[in-house]
Amino acid sequence: MTREGLRELIAKMTLEEKAAMCSGADFWHTEAVERLGIPSMMVSDGPHGLRKQDQEADNLGVNDSIQAVCFPAGCGTAASFNRELIREMGEALGEECQAEGVGVILGPAVNIKRSPLCGRNFEYYSEDPYVASEIAGALIAGIQSRNVGTSIKHFLANNQEHRRLSSSSEIDERTLREIYLAAFEGAVRKQKPWTVMCSYNRINGVYAAQNEEMLTEVLRKEWGFDGFVVSDWGAVNDRVPDLEAGLDLEMPSSGGVNDRLIVDAVKDGRLKEETLDRAVERILNIVYRFEENRDKTAVFDRDKDHELARRVAEETCVLLKNEDSILPLSEKTKVAFIGKYAAKPRYQGGGSSHINSHKVTAAWDYVKELGTVTYAEGFRDDADETDETLLKEAVENAKQAETAVIFAGLPDAFESEGFDRSHMRMPECQNELIRRVAAVQPNTVVVLHNGSPVEMPWADQVKGILEAYLGGQAIGAAVTDILYGRVNPSGKLPESFPYQLEDNPSYLYYLGEGDRVEYREGVFVGYRYYDKKKMAVRFPFGFGLSYTTFSCSEPKVSAQRIKDTDTVTIRVDVTNTGSRSGKEAVQLYVSAPDSQVIRPVRELRGFEKVELAPGETKMVSFVLDKRAFAYWNTDIHDWHVESGRYLLQIGSSSRDIAVEQEIYVESTVKLPRHYTMDTPFGDLKDDPKAMELLAPLMHIDFLEKKEDEDTTDAAAEAITAEMKEAMVKYMPLRGSFSFASGRVTPQQVQEVLDRLNNDQD
């Protein structure tokens, strides 16, 4: 429906009907207006599967949802570093929604993985905003290509479950822009999701639902978002101010309570009716966008999508350790599969994204046919208690085998929506199992099922580690195919794995005090912190092994010197130097070694996944614009590029840079300067005009010897040239008057300062 048509329709609606349109009809549907032919639209939980509920239900899934396909969760899909694959996954989800009459699927979730403790990390993509934004953008593009909407969430700074409904995320402007807003920005600008879901928490004291700066100034005016903003279920704070701030749709229904508040506010003049009309127009625009593009021929082919889920799962697995090339296994090798998750994998998280899977492929079921594999349960996951009977059986199986593969990880009780983890450890019963098995079987491999990093006290005792994340309903087949070499692992870590929780930059402040959570680590989240500190980590960001090897040629750039208004293209040839076909995620980082601003050592600015046969070479190219070199400048409240040299670094992780190319970027923006009497002399050195006008002061010897003053050897030693230089450098202008002996007056200096401040050209 055209904008004109929508406005004509809205003009026919009563005030009460318009107010009701801004609230859900029930838990999952928008309001309909039968007399005007306005249809209702269904929304459904996601984003890694369709959790559609036909009955009245709450968002926790008490009532059954339809059988659907569970794709890998966000923690896994990000590890693929494969936009094309995730877009294909999105297309399948969009087709499923069309077949089931769902207009908007709630996701993707792009909140930054600030700490391993966040209970909802399994839904989130990365500690890096570029990865989060790019993978989310690919999913959005795929889903919306089928004329089904997405709801990117949770906007904004919802990085913990602890007190998430009331806590205030206290974040400085630069950190907000470079890390937390950036995860949303790229996806919103480029892929234009139909809706945005606001979070429960406050941002610097203001509830997300009532945050006009974020919902209107940034999201709409700056980024160009033209869909509607929907509340997380129950996130509405104060309905009328929320509506004014930019929150269009309240979910679920308030039972008419908040509708009446809106009506009363319009009637008594506290709320402009055009504000209400604008929200209704945004909602109806999406409702009709879906309604007018319904695909009545769409089919939810669960078996077909299961196979796609398997292909996605194969690329989400990250090979972390492969000592002595213990993997891949030979089908002739006698192998012991150990651990409950081999027979019943933990393949998804708990809470609103929990999918009622139509089938699940377990590794043990998939590998039984080989006849050379045995199975032992090893542990229970309903309680962290060592079962000696199960443990002894597992150890005995390991002894009788040539290789032991332990399937371990985090149970639902350790990570879920609604609560945070209290530590980064796996259940001790599983750690004990791994230690005991490794003690009798030197050829031990551990397969991990978890949504966030875990401590690995046994890492040096095993030869192989495969991170399977929460890989969806086909993860068992995917893992087995990787273990036996039918598939070459190609996943890369979208987050750092520290040795221990205490190493995490947010460790001291994560839970906050009461409802106040300070993000004191600033922009130094994840690898930005570890690399800056040169801190050892268990596995670095971007890391992941393969059964083959790759090399990169020296990169070539389109220009050695550019302005910040230009783009630069960097090209590199990637070669498979091994004997197996494989995929490599080529990562591009940008470093600003001469920056005068506190910045990370390097930041990810591009990645491309390329598939290569043995000996094959392909060219990979990246195009970088201003944002690749910029930081957020709080003086001008905008992105700014410093003039200087930058290193374009290509590698296989943040710690493994293979090749680099230096370029010079010239800034076209002159930062405003404001000089006062408190300005140190040293701050003037880069301003030629200031140096010229204040030259008389610059020649004063602040520590010159008086004519009648004796100089001893001790005094000469105390006042060195280095000391005098430092004192001048850090002395404020006002301090010069005490040493100038009347040669310079405050009035003279102030006149110069006024000239400098008034002339910024």
Problem - Spans of helices (runs of 4 or more DSSP H) in the stretch 1-101 with at least 1 residues within 21 Å of LEU247 (Cα to Cα) - result: 3-11, 15-21
Exercise for the section: Please specify each residue of the stretch 579-592 satisfying the condition of being of a type in the set (S, T, N, Q), closer than 20 Å to GLY491 by Cβ and part of a strand (DSSP E or B). Expected result: GLN587
Fill in the blank from the handout: Residues of the stretch 131-177 being of a type outside the set (A, V, I, L, M) and either free of Cβ contacts under 8 Å to residues at least 24 places away in the same chain or on the phi > 0 side of the Ramachandran plot (or both), in sequence order, are ASN147, ARG163
Exercise for the section: For ALA376, work out the one condition from (1) under 39 Å from the mean Cα position of the chain (by Cα); (2) of a type outside the set (Val, Ile, Thr); (3) surrounded by fewer than 22 Cβ atoms within 10 Å (Cβ to Cβ) it doesn't fulfil. Expected result: (3)
Problem - Qualifying residues in the stretch 25-70 (those that are of a type in the set (S, T, N, Q) and surrounded by fewer than 15 Cβ atoms within 10 Å (Cβ to Cβ)) - the one modelled with the lowest pLDDT - result: ASN63
Handout entry: Condition check for VAL744: at pLDDT 80 or above and not polar (S, T, N, Q)
Key = no
Problem - Residue ranges of strands (runs of 3 or more DSSP E) in the stretch 593-654 with at least 1 members crowded, with 21+ Cβ neighbours inside 10 Å - result: 603-612, 617-624, 631-633, 644-653
Exercise for the section: Please enumerate the residues belonging to the stretch 533-562 that are part of a strand (DSSP E or B) and either touching a helix residue (DSSP H, G or I) at 6+ places or on another chain (Cβ under 8 Å) or loosely packed, with under 14 Cβ neighbours inside 10 Å (or both). Expected result: LYS556, ARG561
Practice task
Can you work out which of the residues in the stretch 503-530 that are charged (D, E, K, R) and assigned to a loop (DSSP other than H, G, I, E, B) is farthest from SER652 (Cα to Cα)?
Solution key: ASP515
Practice task
Collect the residues in the stretch 142-163 that are under 17 Å from VAL236 (Cα atoms) and buried (at least 24 other Cβ atoms within 10 Å of the Cβ), keeping them in residue-number order.
Solution key: SER151, LYS153, HIS154, PHE155, LEU156, ALA157, ASN158
Fill in the blank from the handout: For the stretch 207-226 the number of residues that are surrounded by 18 or more Cβ atoms within 10 Å (Cβ to Cβ) and over 22 Å from the mean Cα position of the chain (by Cα) is 1
Fill in the blank from the handout: Checked VAL525, VAL517 against criteria (in contact (Cβ under 8 Å) with a residue 40 or more places away in the chain, out of contact with any Pro (no Cβ under 8 Å at 6 or more places or on another chain), surrounded by 24 or more Cβ atoms within 10 Å (Cβ to Cβ) and not assigned by TED's automatic domain parsing to the domain that holds LYS321); the one match is VAL517
Practice task
Those residues that are of a type in the set (Lys, Arg) and out of contact with any Phe, Trp or Tyr (no Cβ under 6 Å at 6 or more places or on another chain), I need them from the stretch 426-469; list them, please.
Solution key: ARG436, LYS463
Exercise for the section: Go over the candidates VAL299, VAL280, VAL236 one by one and state the one that is farther than 30 Å from GLU84 by Cα, β-branched (Val, Ile, Thr), within 33 Å of the chain's Cα centre (by Cα) and assigned to a loop (DSSP other than H, G, I, E, B). Expected result: VAL236
Fill in the blank from the handout: When the stretch 179-206 is checked residue by residue, the ones that are crowded, with 19+ Cβ neighbours inside 10 Å, of a type in the set (A, V, I, L, M) and out of contact with any Gly (no Cβ under 9 Å at 6 or more places or on another chain) are LEU181, ALA182, ALA183, ILE203
Fill in the blank from the handout: If we keep only residues of the stretch 728-746 that are assigned to a helix (DSSP H, G or I) and under 19 Å from GLU692 (Cβ atoms), then the residue nearest to the chain's Cα centre (by Cα) is LYS729
Practice task
Return yes when GLU315 is on the phi < 0 side of the Ramachandran plot, modelled with pLDDT of 95 or more, buried (at least 18 other Cβ atoms within 10 Å of the Cβ) and not polar (S, T, N, Q) and no when it is not.
Solution key: yes
Handout entry: Residue pairs meeting the criteria (Cβ under 8 Å; at least 6 apart or on separate chains; first touching a residue at least 24 places away in the same chain (Cβ under 8 Å) and under 20 Å from VAL318 (Cα atoms), in the stretch 563-585; second basic (Lys, Arg) and crowded, with 21+ Cβ neighbours inside 10 Å)
Key = ALA585/LYS492
Practice task
Given the conditions (1) within 11 Å of the chain's Cα centre (by Cα); (2) without any contact (Cβ under 8 Å) to a residue 60 or more places away in the chain, report the number of the one that ASP128 does not fulfil.
Solution key: (2)
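The values are calculated or read from the model by the stated rules, or taken from the named source; none is laboratory data. All values derive from a computational prediction rather than experimental measurement. Glycine also receives a Cβ, built like all others from the backbone with ideal geometry; neighbour counts cover every protein chain displayed.
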